[in-house]
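Heads up: the structure comes next, in structure tokens.
The values are calculated or read from the model by the stated rules, or taken from the named source; none is laboratory data. Here the structure is a predicted model, which means the values were calculated and not measured. Because the Cβ atoms are built from the backbone with ideal geometry, glycine has one as well, and the counts that use them run over all protein chains shown. Note: accessible area is taken over every heavy atom of the protein model, side chains too, but ligands, DNA and RNA are not part of it. Shrake-Rupley method; radii C 1.70, N 1.55, O 1.52, S 1.80 Å.
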Amino acid sequence: MPRREPLPPRSKLLKEAVGDATTYQAPLIAVVALVAVMTVVTHWPALSAQAVMSDDDMYVHMNPLVRNPSPAAAWQFLTEVLTPSTVGGYYQPLAMISLMVDYSLGGRPDDYRVFHATSLVLHAACAGLVVLLMFSLFGDAWAAGAVGLLFGLHPGAVESVAWVSDRKTVLASFFALGSLICYVKYAHAAAEVHSKGRTRWYIGCLFLFLLALMSKPTVTMLPLALCLLDVWPLGRIGRRAIVEKIPLLAMSVVFGVITIISQGRTADVVNPVSYPWWATPLVLCHNIVFYLWKIVWPVGLSAYYPWPEPFNLSQGMVKVGLVVTVGLVGVLLVSLRWTRAWMTGFLFFLIVIFPAMGLIGFTSSIAADRFSYLPKVGLLLPLAWLLKNTKLRDTAMTKLMALLVTVGCIMELRLTRDYLRHWTDTERMMHYMVDREPTSAFLLSGLGNVLSGAGQFDEAAGFYRRALEQDDDPAAHAGLATQLAAAGKLQEAEQHLLAAVRLHPKLVGAVENLAIVQDRLGKTPDAIEHFEAALLLKPHSVNALFNYGMLHFRRGHMDDARAKFLAALAVDPAHAMTHYQLGCLLVSQGRSSEGLDEWRRAIRQVHPQLDTMNNLAWILATADDDSLRNGSEAVAVAEQGCALTNRQDPALLDTLAAAYAEAKRFNDAVVTAEQSVARWRVMSAVDSEKEVARRLEGYRAGRPHRESINREAYLAR
């Protein structure tokens, strides 16, 4: 008969796990602290990482709720369950609230340090929780500390620390690990007849699991992982153990349904039935081997892994995945003759990572290092058990294991630091990924977007065209269209945007840009059709609402324009351009006081527009309506604008001179007006020079300038 290690009595297991307080308490705290500190030290360069990756715009840069922290914004994140308005995809309110809190603490799109610091603290906390979990299960501080270090220093965690929008992974894992620990504590307490505190550990397990689901719903499989722990090492299989999982399973089902619905409404979902029947097992086998290899040998990591082409058994990696998976399953079955440890660890890993195995598609990549962040814990279970047993049975082998763990940690530290170097800035990271996958249309398009944003338009167009040579990629079409539109080649831009929308009808940015280009081409009916389509896909798109409002404004449909502007501001109250254009609309309607208020709101935003400052200060200084004029405010606004332009803008200098005159500072008005005249003369703007010169004579005579508001000047152009 095959030999298998007997399951220890529950009372013995509890004693081993908890130990004597005077023996274990101080060493365990020291081990947890050491692991956390080493994790922080290893990943410290992540604080300086400024690479902006996909989804960062949606999660932070362009997210109005994150950028305007408030209890109301947090409540909106919590209550938008099936149709999140500001972030496409699944329900993840706690992750979004955590980013909002970071923004309130000073995190900004041009300085990620606060965001990365929070993620690093969470990662270090997760490493500490891994130590506590392993200690709770096996009662050995040295074994728990060793696997905790391997978890904390692993380069596969870089993605979750240095990628701002992946906050959800470390946050969900933090709560999930807490839930696991509570369950183990509950199991120990349940094994004791007179034990107290069972209920609170069980409630803690439920509550922390709920928080994990609200951070990232891919943790839905955790209740099945708890069932595995019941089999080994807890040894408490029975009806009671199954009944205890019902509330957890119910929560998983509810959040699973919510995820499918919300993802389907706001992003893309690829269901398993969309694959050929033979592809599903190949995807599963490929990813099992891929993830295990990247965990054991974490070299050449990347933030994007494209699908192997062609995806069939003629492709080497697909064939290797199938063969190795079959062999691995055979080895694990044989291992059951001696221990349940290795099979349990593998199944824990497989169950927890299953939602991200590519069978249900939430991303265009076949795999991602961040998906293995929490599942790695399953592979550490048998390792912790082995380290403990080795320590108890063989001193020489213990020294060898300690040496191997030390070498492994040193290698992980080196690889983590090397990988973090590529996260310094976006262009460097994108070049690194393209160098690794030079035929990926997705990455080539992404690098084109980065170069375009940096003003390197020719280089960007080159990468877009390379992407289109590899694949008829919608992102490449959309990116190239942006370059063509900026160059004034609107008809070519329209054709590429039509191609992008044809290939990917839910690519909201392409639909919005198509509407904008068609509006510029004068194709108003087509533009309206695509603005409506964009808002159907993303009802709270500030970009679509603003530009749709501008279309109505230019057509003279003031009520429709105002409605769209107000809808945009309801989503993002800090959108300066919308405040500015709404102010122009109101002034053009003779509602100047309301218009000035909108301009005041516009210049209070992070990047105020010079046109806004100039218009506001001009009316405050020169309006023939006494109720509108305010000399001191006009001076403050105009001085701010002139400071931003180093007093080189003649129009702003003209406005500042008028503001000084209204404030009875005529000497300053004369000097400033003379500077404006000189600047206009250099620019050969004769008419403007003459206008300022006429006003200058009035300032010299001690007269401020007055004029009625030209409402036509503020109509949309």
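When you go through Met558, Met577 one by one, which is the residue that is surrounded by fewer than 21 Cβ atoms within 10 Å (Cβ to Cβ) and closer than 18 Å to Glu512 by Cα?
Residue meeting the stated conditions: Met577.
Are any of the residues in the range 350-365 in a helix (DSSP H, G or I) and free of Cβ contacts under 8 Å to residues at least 24 places away in the same chain?
No, the conditions are met nowhere in the range 350-365.
Suppose we filter Leu206, Leu137, Leu171 for residues that are open to solvent by less than 20 Å² (accessible area, probe 1.4 Å), in contact with a Pro (Cβ under 8 Å, 6 or more places away or on another chain) and either under 28 Å from Val52 (Cβ atoms) or in a helix (DSSP H, G or I) (or both); which single one remains?
Answer to the selection: Leu137.
Which residues, taken from the range 103-134, are among the hydroxyl-bearing types (Ser, Thr, Tyr) and either free of Cβ contacts under 8 Å to residues at least 60 places away in the same chain or surrounded by fewer than 24 Cβ atoms within 10 Å (Cβ to Cβ) (or both)?
Passing the criteria: Tyr103, Ser104, Thr118.
Hey, can you tell me all the residues within the range 187-203 that are part of a helix (DSSP H, G or I) and either open to solvent by 20 Å² or more (accessible area, probe 1.4 Å) or charged (D, E, K, R) (or both)?
Matches in the range 187-203: Arg198, Thr199, Arg200, Trp201, Tyr202, Ile203.
Scan the range 687-713 for residues that are under 51 Å from the mean Cα position of the chain (by Cα) and among the aliphatic types (A, V, I, L, M) and jot them down.
Result: Val692, Ile709, Ala713.
Does any residue of the range 581-588 turn out to be in contact with a Gly (Cβ under 9 Å, 6 or more places away or on another chain), of a type in the set (Gly, Ala, Ser) and either surrounded by 21 or more Cβ atoms within 10 Å (Cβ to Cβ) or free of Cβ contacts under 8 Å to residues at least 40 places away in the same chain (or both)?
Within the range 581-588 (the criterion being in contact with a Gly (Cβ under 9 Å, 6 or more places away or on another chain), of a type in the set (Gly, Ala, Ser) and either surrounded by 21 or more Cβ atoms within 10 Å (Cβ to Cβ) or free of Cβ contacts under 8 Å to residues at least 40 places away in the same chain (or both)), the answer is yes, since at least one residue qualifies.
Is there a residue being within 23 Å of the chain's Cα centre (by Cα) and at pLDDT below 95 anywhere in the range 222-239?
Scanning the range 222-239, I find no residue that is within 23 Å of the chain's Cα centre (by Cα) and at pLDDT below 95, so the answer is no.
Report yes if Ala461 is open to solvent by less than 50 Å² (accessible area, probe 1.4 Å) and free of Cβ contacts under 8 Å to residues at least 24 places away in the same chain, otherwise no.
On the way: open to solvent by less than 50 Å² (accessible area, probe 1.4 Å): yes; free of Cβ contacts under 8 Å to residues at least 24 places away in the same chain: yes.
Judged against the criteria, Ala461 is a match.
Can you confirm whether Val283 is of a type in the set (Val, Ile, Thr), in a helix (DSSP H, G or I) and on the phi < 0 side of the Ramachandran plot? It would help to see each step written out before you state the result.
On the way: of a type in the set (Val, Ile, Thr): yes; in a helix (DSSP H, G or I): yes; on the phi < 0 side of the Ramachandran plot: yes.
Yes, satisfied.
If you go through the range 267-277 one residue at a time, do you hit one that is open to solvent by less than 50 Å² (accessible area, probe 1.4 Å), within 30 Å of Leu536 (Cα to Cα) and under 24 Å from the mean Cα position of the chain (by Cα)?
Scanning the range 267-277, I find at least one residue that is open to solvent by less than 50 Å² (accessible area, probe 1.4 Å), within 30 Å of Leu536 (Cα to Cα) and under 24 Å from the mean Cα position of the chain (by Cα), so the answer is yes.
Looking at the range 602-614, can you tell me whether even one residue there is touching a His at 6+ places or on another chain (Cβ under 8 Å), surrounded by fewer than 22 Cβ atoms within 10 Å (Cβ to Cβ) and more than 30 Å from Arg703 (Cβ to Cβ)?
Checked the range 602-614: at least one residue is touching a His at 6+ places or on another chain (Cβ under 8 Å), surrounded by fewer than 22 Cβ atoms within 10 Å (Cβ to Cβ) and more than 30 Å from Arg703 (Cβ to Cβ).
Which residue out of Lys523, Lys489 is more than 18 Å from Ser54 (Cβ to Cβ), among the basic types (Lys, Arg) and modelled with pLDDT of 95 or more?
Every option except Lys523 fails the conditions.
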